[in-house]
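Working notes, structure below.
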Amino acid sequence: MSKPEGHEHDVRAAVAGAEAGRPGDFSTGAGAGRGGASRAEQTLADVRCAVRGRCRGILRYCVICNYICPGLKVLAPWAGLLFLRLLIGWEFLDSGLEKWGGENWFADIQSDFPFPFNHLPAELNWQLAMWFEIVGGVALMLGLATRFFAFALLVVTWVATVAVHWPAEWHSLAELWQGYVITDEGHGNFKLPLLFAVMLWALLFQGGGRLSLDALIGWLWCRRR
């Protein structure tokens, strides 16, 4: 008996499909398995390449740091505090010069000053703030009596924060945090004085550094002895 023509056609199609690797024939499972394995191997190779690239980047970073860090350690006592002094000194000097050419508005907030400044005349408070900002700003820029003027300007910053920048009332840390801004939007604006206070704390503990008049005076004093 001869096989049906339809059956022979199906067999020939299956064989042709196996040779060509087309989906839908009886070799589809093996071909798909090989394709899936190939894609997995390619993905794994890509991951390994990415990891190796990242490791090389980290290694280069470590090597660069090993060369740079000793230089930074050498420069730190000389330049580490110089730019900090110049920045914070200029900010206080600029604020003091504005008071010098402006009108005294401390009388409007005299009752908000903390003790003992709330018992001093408004004009005296104005003059104290103005001259400490002017003289202290110049002194910080030059590195002269750095720790003294850092402490004095910390007091000025504390008084300004309490009287002007601190929120009038707050009932949670979330409400208080709304005052950590530059521009007052009804919740205070203590961000800038807080940043100034942190910078002044650094100068209070570290001094003016080697590029300062304090260091020069200390060196001359040691030579005299």
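The values are calculated or read from the model by the stated rules, or taken from the named source; none is laboratory data. For clarity, every value in this text was computed on a predicted model and none was experimentally measured. FYI the Cβ positions are ideal-geometry reconstructions off the backbone, even for glycines, and counts take in every protein chain you see.
Observations on the model:
- Residue within the range 105-127 that is under 16 Å from TRP201 (Cα atoms), of a type in the set (A, V, I, L, M) and surrounded by 13 or more Cβ atoms within 10 Å (Cβ to Cβ) present: no
- Count of residues meeting criterion [loosely packed, with under 13 Cβ neighbours inside 10 Å and under 22 Å from TRP201 (Cα atoms)] in the range 157-179: 1
- Qualifying residue in the range 132-150 (condition: among the acidic types (Asp, Glu), surrounded by 17 or more Cβ atoms within 10 Å (Cβ to Cβ) and touching a residue at least 60 places away in the same chain (Cβ under 8 Å)): no
- One residue stands out in the range 100-115 among those that are in a helix (DSSP H, G or I) and of a type in the set (S, T, N, Q): the one that is nearest to LEU128 (Cα to Cα), namely GLN110.
- Evaluation of ALA163 against the conditions (1) among the hydrophobic types (A, V, I, L, M, F, W, C); (2) farther than 26 Å from LEU86 by Cα; (3) without any contact (Cβ under 8 Å) to a residue 40 or more places away in the chain shows that the sole unmet condition is (3).
- When restricted to residues that are over 24 Å from the mean Cα position of the chain (by Cα) and either over 30 Å from ILE217 (Cβ atoms) or in a helix (DSSP H, G or I) (or both), the range 131-178 contains 29.
- Selection of the range 212-225 for residues being crowded, with 17+ Cβ neighbours inside 10 Å and either outside any helix (DSSP H, G or I) or over 32 Å from the mean Cα position of the chain (by Cα) (or both) yields only SER212.
- Members of the range 179-207 that are modelled with pLDDT of 85 or more and either in a loop (DSSP other than H, G, I, E, B) or over 23 Å from the mean Cα position of the chain (by Cα) (or both): PHE190, GLY207
- Scanning the range 140-160 turns up one or more residues that are polar (S, T, N, Q), farther than 16 Å from SER95 by Cα and in contact with a helix residue (DSSP H, G or I) (Cβ under 8 Å, 6 or more places away or on another chain).
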